[in-house]
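Chemist: This is the structure I have questions about; it appears just below.
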Amino acid sequence: MNRASKLPLKGKTVVLTRAKDQNSEAHRIFEYHGARVLELPALVIGPPDNWAPLDNALIELNSFEWIIFSSSNGIHAVEKRLKLIGKSLSNKPEHLKVAVVGKKTAQVLKDFNVTPDFVPPEFVADSLIEHFPFAPIGLRILIPRVQTGGRTVLGRAFLEQGAIVHEVPAYESKCPEAIPIETLDSLRNLEVDFIVFTSSKTAAHTYKLIQKFFGDQNNNILDEVKLISIGPQTSIGCRKYFKRVDNQAMIYDLDGIVKACIESIHGQDSK
């Protein structure tokens, strides 16, 4: 069997909605499966309004027993601010353990020479809470997170279980002003087969951008486009803004979302 016959997404156009600097791996994986890949980066990652809460927490890093990252953005922000005071994640206090929500985030952490102490079996916050390896009562936990729009489930759940939780804004993700011209033209010409969402916020911002550029044509533009979600919370966002989700990854990572696209071609539904 030759390579061409193993391209299940050959002839299909996929639009990725992650932040532009987070799309390289997704772009590669979809192209590997034969897709034409376009970008609609629905998140612009930037600093929080105020660095002081994160900086103050990092100065007191010795006082925490766990630090939990739900995205690579939090890792990059923490590393950047630590460097300003002559420190880094690689020389964190020995007693400080690190948990991350997914394998991609774990890999970013490893790029900074830190091996996570805990990665949950499913790559969602709920799984981290369910499988956390220590009784949370009394634990001092630092959670660097997005300033607005993210789920607060981690902090709330650990607080309810008796932990001492300190959540601080480490970055902000805003809606961009425009859709890249090639993606805009492909949507207008009804050439898009899939739009892939990796968070509720990407769904919210994509909806806002499509409304901005297509207005009353919104429904016609998306009639034949399958909306594919990486996981349950993202699916909630799709339903909230687009009133539907056409398929959801069973495994909440990039390979899972590629599989969800392939399944949807054959009418399989993993939602």
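Chemist: Could you work out [θ]222 nm for the chain from helices alone, using -39500 (n - 2.57) per DSSP H run of at least four and dividing by all its residues? Round to the nearest 500 deg cm²/dmol.
Modeler: It lands at -11000 deg cm²/dmol.
Chemist: Run the quick spin-label model on Met250 and Asn113: label points 7 Å from Cα toward the beta carbon, then report their separation in nm to one decimal.
Modeler: 4.1 nm
Chemist: Taking the mean number of other Cβ atoms within 10 Å as a proxy for protection, how do you rank 10-17, 226-233 from highest to lowest?
Modeler: Details: 10-17: 20.0, 226-233: 23.0.
In descending order of packing, they fall as 226-233, 10-17.
Chemist: Whole percent per 10 Å bin, from 0 to the bin with the longest distance: what is P(r) over all C-alpha pairs of the chain?
Modeler: Reading upward from the zero bin: 7, 28, 32, 21, 10, 2.
Chemist: Rounded to the nearest 0.05, what FRET efficiency do His266 and Glu65 give with R0 = 41 Å and r taken as the Cβ-Cβ distance? Could you check?
Modeler: Calculated value: 0.30.
Chemist: Long-range amide H contacts for Ala35: which residues qualify at under 5 Å (H placed 1.01 Å from N, peptide plane, sequence gap of 5 or more or a different chain)?
Modeler: Sorted by chain and number, the residues that satisfy this are Leu9.
Chemist: Near the amide H of Arg140, under 5 Å away, which other amide H atoms are found, from residues 5 or more places off or on another chain, if H is placed in the peptide plane?
Modeler: Excluding prolines and chain starts, which carry no amide H, the hits are Glu65, Trp66, Ile164.
Chemist: Continuing with this model, one more query. Using only the Cα atoms, what convex hull volume per residue in Å³ does the stretch 142-241 have? Kindly include the intermediate steps, with their values, before the conclusion.
Modeler: Details: hull volume 10.5 nm³, N = 100.
Convex hull of Cα atoms, per residue: 105 Å³.
Chemist: Provide the FRET efficiency to the nearest 0.05 for the Lys103-Ile181 pair, computing r from the beta carbons and using R0 = 41 Å.
Modeler: So the FRET efficiency works out to roughly 0.75.
Chemist: Do you know the relative contact order of the stretch 1-68, to the nearest whole percent, from alpha carbon pairs under 8 angstrom that are 6+ apart?
Modeler: For the stretch 1-68, the relative contact order is 32 percent.
Chemist: Let me ask something else about it. Per residue of the stretch 88-102, in order, report the coupling 6.51 cos²θ - 1.76 cosθ + 1.60 (Karplus, θ = phi - 60°) as ³J(HN,Hα) in whole Hz, putting x for Gly and Pro.
Modeler: 7, 4, 5, 10, 4, x, 4, 7, 7, 9, 10, 10, 10, 7, x
Chemist: Nearest-5 percent of antiparallel DSSP beta bridges in the stretch 46-174?
Modeler: Numbers: 1 of 15 bridges.
Here the antiparallel bridges make up roughly 5 percent for the stretch 46-174.
Chemist: Give a residue-ordered list of calculated ³J(HN,Hα) values for the stretch 36-42 (Karplus: 6.51 cos²θ - 1.76 cosθ + 1.60, θ = phi - 60°; whole Hz; x for Gly, Pro).
Modeler: 7, 10, 10, 10, 9, x, 8
Chemist: As I understand it, the dipole of the chain uses +1 on the Cβ of Lys and Arg and -1 on the Cβ of Asp and Glu, about the Cα centre. Which of Val119, Ile265, Pro232 lies farthest toward its positive end?
Modeler: Towards the positive end, the residue furthest out is Ile265.
Chemist: Whole-Å semi-axes of the stretch 46-174's equivalent ellipsoid, largest first, each the root of 5 times a Cα gyration tensor eigenvalue?
Modeler: So the three semi-axes of the stretch 46-174 are 20, 16, 15 Å.
Chemist: Rg and Dmax in Å for the stretch 205-271, alpha carbons only: what are they?
Modeler: Calculated on Cα positions, Rg and Dmax stand at 12.3, 35 Å.
Chemist: Here is a further query. Quick one: Cα convex hull volume of the stretch 1-83, Å³ per residue?
Modeler: Taking the convex hull of the Cα positions in the stretch 1-83, it is 125 Å³ per residue.
Chemist: Next question, about the same structure. Taking 7 Å along the Cα-to-C-beta vector as the label spot, tell me the Lys174-Glu160 distance in nanometres, rounded to one decimal.
Modeler: So the two model labels end up 3.4 nm from each other.
Chemist: Another question about this same structure. Show me, for the stretch 129-139, the HN-Hα J-couplings you get by feeding each phi into the Karplus relation (A = 6.51, B = -1.76, C = 1.60, θ = phi - 60°), rounded to Hz, glycine and proline as x.
Modeler: 5, 5, 9, 3, x, 10, 5, x, 4, x, 6
Bear in mind that the values in this text are calculations on the coordinates, not laboratory data. Here the structure is a predicted model, which is why all the values come from computation and not from measurement. Counting neighbours? That spans all protein chains shown, and the Cβs are built from the backbone with ideal geometry, glycine included.
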